[in-house]
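Before any comments, here is the structure.
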There are 2 protein chains.
Amino acid sequence: MSTVGKAISLLDLFSIDTPELGLTEIARRAGFDKATTRRLLVSLARHGFVEQDGETRHYRLGAGLTRLARIREARFPLLQTALPYLRELAAATSETVHLAEAVNGSLLTVLVEHPARANRVNVNVGEYLPLHSTASGLAYLAHARPEVVKEALGSPLAAYTSHTLTEPGAVLKEVEATRGRGYSVMDQGFEDGVFSVAAAILGSGGYAIGTLAVAAPVVRTSKAAAAERGKAVAAAAREISERLNGEGFNALRGRVSA
Amino acid sequence: MSTVGKAISLLDLFSIDTPELGLTEIARRAGFDKATTRRLLVSLARHGFVEQDGETRHYRLGAGLTRLARIREARFPLLQTALPYLRELAAATSETVHLAEAVNGSLLTVLVEHPARANRVNVNVGEYLPLHSTASGLAYLAHARPEVVKEALGSPLAAYTSHTLTEPGAVLKEVEATRGRGYSVMDQGFEDGVFSVAAAILGSGGYAIGTLAVAAPVVRTSKAAAAERGKAVAAAAREISERLNGEGFNALRGRVSA
DNA sequence: AAATAAGGGTTCAAATAATGAACCGACAAC
DNA sequence: GTTGTCGGTTCATTATTTGAACCCTTATTT
């Protein structure tokens, strides 16, 4: 193992449950010599990756990590992470794939991949998506803060088509179903002839920060095709969430109820 | 320099402005051999500290950092605690508010709230702040360990603008004034046209662990406005300190001299 | 109050891992 | 088709890392 690897592996010893450790304990857990361990810790401390408590002499993770994490987050939100997944999904399904980002309790389309075929669903970047009548909206509500859900279903729900669910109770039922299924389904709720599936992308707090959706003409959407697309979109959203946060999806998901 | 230090120094090459870099460029900027650089990057990548774009082959900061930063935040929730105060200050003043954290006797910017207006001061997350020429620096020095102050004012002081105080004695006088006033003031000491006020956030030992600052264009800063912002920033820093430590501000403050 | 144990930190010869000049293949510009 | 650039690799040389033994201080035990 490289020296660098050893140093970083020391950082992995810290967790929510054991946020501080003494030198001897760190050396024991890591399986390194005490002298080695200390030299590594000093190197890490010089760059703010760990810091030492002045009194207890114990070590904990440092503020330098926060700084780097913020740099990453600042310039690396959804877009770049999600793009390859959108391309892959678009290629695999030959349907329109779009990514929406949550902004102040609304969903904003930020990225769209259209398949190279004539009859397809068109989605425009910059469009706001109604929460109660799109697959993206349902997926978002399934992992949104309670107050967002309340707000979204409080005011009168517009009927975009004859299929649109306008009863808050009925929408809420769909949201529940989405949570259980892992992806949402919307049959012509926003536009006639369009059938969509979507899944939420979770942020580090466990709440949805965006959604990934596949929209197809209803004529090409058998029950089996819908399920297939749903699973694909859920898997992609899950991977995006994990790459974005550096944590397992279940850990993220559990954070909310915990 | 230790190998670990070299590896971490590579991470410091990334910033908001340059979030991605190629191998040759990284090697050039770091001053290491290309082979060495690559080996370090591979080590870092194995732990998710950097990741490589599949297409461009460029490197960027990785998601593993986010995970560790979250663990630290759980133990030391400066960001979470401070965020609402930053928002409130930014809204109240309509100016740029930023939070810096102390790392090894340096101050680094970890959180910034920009107001929604055209003419504003821009501060980037990840920037280090010189101690003698920024309001944040003065506020920090006013509550830093004596050896930190000595170190900071020992080496020659750089003049960033024609306003920068480069005499250690003059800076020390400002630090004293800051302690009496409760907040620091810096008139274009770091950048022409920028006027800042700042206050220290204290840790449980009574020393500064970070600073909160409001930076505004000098054209919008009357004497009255400066005083108003100063009081606001001091009040916010005080509340953050109290919430963070679960102790009264005066108790924290008294700890040092005691 | 002397003895013992445990933790943080340090030293230096020996062992090991890091280094970098040179090289490869791919691509782009001229 | 030559030249330059970039990502990536190799391997003999070189410098860093390693760890047993050590010191110091602070509890805990006898």
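Values in this text are rule-based calculations from the coordinates and carry no lab data. The structure presented is a predicted model; accordingly, all values stated were derived computationally and were not measured. Cβ atoms come from the backbone with ideal geometry, glycine included; neighbour counts cover every protein chain shown.
I'd like the distance between the alpha-carbon centres of region B:162-233 and region A:159-176, rounded to an integer number of Å.
Using only Cα atoms, the two centres lie 54 Å from each other.
What is the projected area of the convex hull of the Cα atoms of the protein assembly as shown, averaged over all directions, in nm²?
Its Cα hull, projected and averaged over all orientations, spans 27.1 nm².
What does the charge dipole of region A:164-208 about its Cα centre add up to, to the nearest 20 debye, if the Cβ of each Lys and Arg holds +1 and the Cβ of each Asp and Glu holds -1?
In debye, rounded to 20, region A:164-208 gives about 280.
Compute the longest continuous run of chain B that contains no exposed trypsin sites (Lys or Arg not before Pro); treat a site as exposed when its DSSP state is not H, G, I, E or B and it has at most 12 other Cβ atoms within 10 Å.
In chain B, the maximal stretch lacking such sites is B:118-258.
Please tell me the relative contact order of region B:156-258 in percent, rounded to the nearest whole number, where contacts are Cα pairs under 8 Å and at least six residues apart.
Here the relative contact order equals 23 percent.
³J(HN,Hα) across region B:129-134 via Karplus (A = 6.51, B = -1.76, C = 1.60, θ = phi - 60°), whole Hz, x for Gly/Pro?
Karplus values, whole Hz, x for Gly and Pro: 10, x, 6, 8, 10, 10.
Would you compute the Debye intensity of region A:3-72 from its alpha-carbon atoms alone, equal scatterers and no solvent, and pass along log10 I(q)/I(0) at q = 0.16, 0.23, 0.28 Å⁻¹ to two decimals?
Scattering profile of region A:3-72, log10 relative to I(0): -0.49, -1.02, -1.44.
Based on the Cβ-Cβ distance from A:Arg255 to B:Lys173, what FRET efficiency comes out when R0 is 60 Å, to the nearest 0.05?
FRET efficiency, A:Arg255 to B:Lys173: 0.75.
Can you compute the charge dipole magnitude of the protein assembly as shown about its Cα centre, using +1 on each Lys and Arg Cβ and -1 on each Asp and Glu Cβ, nothing else charged? Give it in debye, rounded to the nearest 20.
Once rounded to the nearest 20, the dipole reads 1100 debye.
Please compute the net charge surrounding A:Ala226, taking Lys and Arg as +1 and Asp and Glu as -1 over other residues with Cβ under 12 Å from its Cβ.
Once all neighbours under 12 Å are counted, the net charge is +2.
What ³J(HN,Hα) values, in whole Hz, does the Karplus curve 6.51 cos²θ - 1.76 cosθ + 1.60 give for region A:157-166 when θ = phi - 60°, with x put for Gly and Pro?
8, 6, 9, 7, 9, 6, 8, 4, 7, 10
Taking square-rooted eigenvalues a ≥ b ≥ c of the alpha carbon gyration tensor, is region B:22-161 rounded, prolate or oblate, where a/c under 1.5 means rounded and, failing that, a/b exceeding b/c means prolate?
prolate
Counting only residues 5 or more places away or on other chains, whose amide H sits under 5 Å from the amide H of A:Gly210 once H atoms are built in the peptide plane?
The answer is A:Ala102, A:Ile201.
Under 18 Å Cα-Cα from B:Lys34, which lysines qualify once same-chain neighbours fewer than 8 residues away are excluded?
B:Lys6
By the scheme Lys and Arg +1, Asp and Glu -1, what is the net charge of all other residues having a beta-carbon under 15 Å from that of A:Pro156?
That works out to -1.
Where the centre of each part is set by its Cα atoms, how far does region B:31-50 sit from region A:121-135, in angstrom?
The distance from the Cα centre of region B:31-50 to that of region A:121-135 comes to 42 Å.
In terms of modelled amide H atoms, which long-range or inter-chain residues lie less than 5 Å from the amide H of A:Val110?
Amide H to amide H, under 5 Å and 5 or more residues apart or across chains, A:Val110 pairs with A:Leu99, A:Ala100, A:Glu101, A:Gly126.
Given label points at 7 Å from Cα along Cα→Cβ, what nm distances, shortest first, separate B:Leu13 from the same residue in every other copy?
So the distances to the same position in the other copies read 3.0 nm.
Which value, in debye to the nearest 20, gives the size of the charge dipole of chain A about its Cα centre, when Lys and Arg are +1 and Asp and Glu are -1 at the Cβ?
860 debye
Does region B:121-172 come out rounded, prolate or oblate by the C-alpha gyration tensor, with a ≥ b ≥ c the root eigenvalues, rounded set by a/c under 1.5 and, if not, prolate when a/b is larger than b/c and oblate if not?
In terms of gyration-tensor shape, oblate.
Please compute the Kirkwood hydrodynamic radius over region B:156-229, one decimal place, Å, based on all pairs of different Cα atoms.
Evaluated on region B:156-229, it is 13.3 Å.
So what is the relative contact order of region A:18-74, in percent, for Cα pairs below 8 Å that sit 6 or more residues apart?
Once divided by the residue count of region A:18-74, the mean separation gives 32 percent.
Could you please tell me the mean projected area of the C-alpha convex hull for region B:76-257, averaged over all directions and given in square nanometres to one decimal?
Spelled out: convex hull of the Cα atoms, projected over all directions, averaged, 9.4 nm².
Checking the cross-link filter: which lysines have an alpha carbon closer than 16 Å to that of A:Lys173, excluding same-chain neighbours under 8 positions apart?
A:Lys150
At B:Ser162, label 7 Å along Cα→Cβ: distances to the other copies, nm, ascending?
From this label point to the equivalent ones elsewhere in the assembly: 7.7 nm.
Apply 1/(1 + (r/R0)^6) to the Cβ-Cβ distance of B:Ser222 and A:Glu20, taking R0 = 45 Å, and write down the FRET efficiency to the nearest 0.05.
Rounded to the nearest 0.05, the efficiency is 0.45.
Among A:Pro168, A:Ser241, B:Leu89, flag the residue with its Cα farthest along the positive direction of the charge dipole of the protein assembly as shown, charges on Cβ as +1 for Lys/Arg and -1 for Asp/Glu.
After comparing all options, I get A:Ser241.
Would you work out which of A:Gln52, A:Gly5, A:Ser15 lies farthest towards the positive end of the dipole of region A:3-72, given +1 charges on the beta-carbon of Lys and Arg and -1 on that of Asp and Glu, about the Cα centre?
Projecting each Cα onto the dipole axis, the largest value belongs to A:Gly5.
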